[in-house]
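K.L.:
One structure follows; several queries about it will come next.
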């Protein structure tokens, strides 16, 4: 397994996890930039998995907890506060949409109901 691809996947995963943690913990600071980073990190992980098939979901599961711990530290440093909700499911990381437009629509619905 290529060390470069392995490190690339770990870096993209850590970035993805840190941004999702920030998304969950700082709703008032969500931005299009965070949304784009989440999408781009997911895309980059898929590219690495395609290039190096041994870096599959099973491999990601094996490094998930360690990477989440590192992502939590990174998110806390960036936010300058403790992460309150640091558990993430597979679906939250790889399937759930993170879209500002959806949040804005929900906000508008709650105002006018």
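Please treat every number below as a calculation from the coordinates, not as lab data. On a predicted model such as this, the values are computed, not experimentally measured, just so you know.
K.L.:
Angle between the Cα long axis of helix 32-51 and the longest principal axis of the chain, 0 to 90 degrees, nearest 10?
P.N.:
Once rounded, the angle reads 20 degrees.
K.L.:
I need the per residue convex hull volume for the chain, using only the alpha carbons, in cubic angstrom as a whole number.
P.N.:
Roughly 107 Å³ of hull volume per residue.
K.L.:
What length, rounded to one decimal in nm, is gained on full extension from residue 100 through to residue 62, with 0.36 nm per residue of separation minus their alpha-carbon distance?
P.N.:
10.6 nm
K.L.:
Based on DSSP H runs of at least 4 residues, each adding -39500 (n - 2.57), what is the mean residue ellipticity at 222 nm of the chain after dividing by all its residues, to the nearest 500 deg cm²/dmol?
P.N.:
After summing the helix terms and dividing by the residues of the chain, the value is -25000 deg cm²/dmol.
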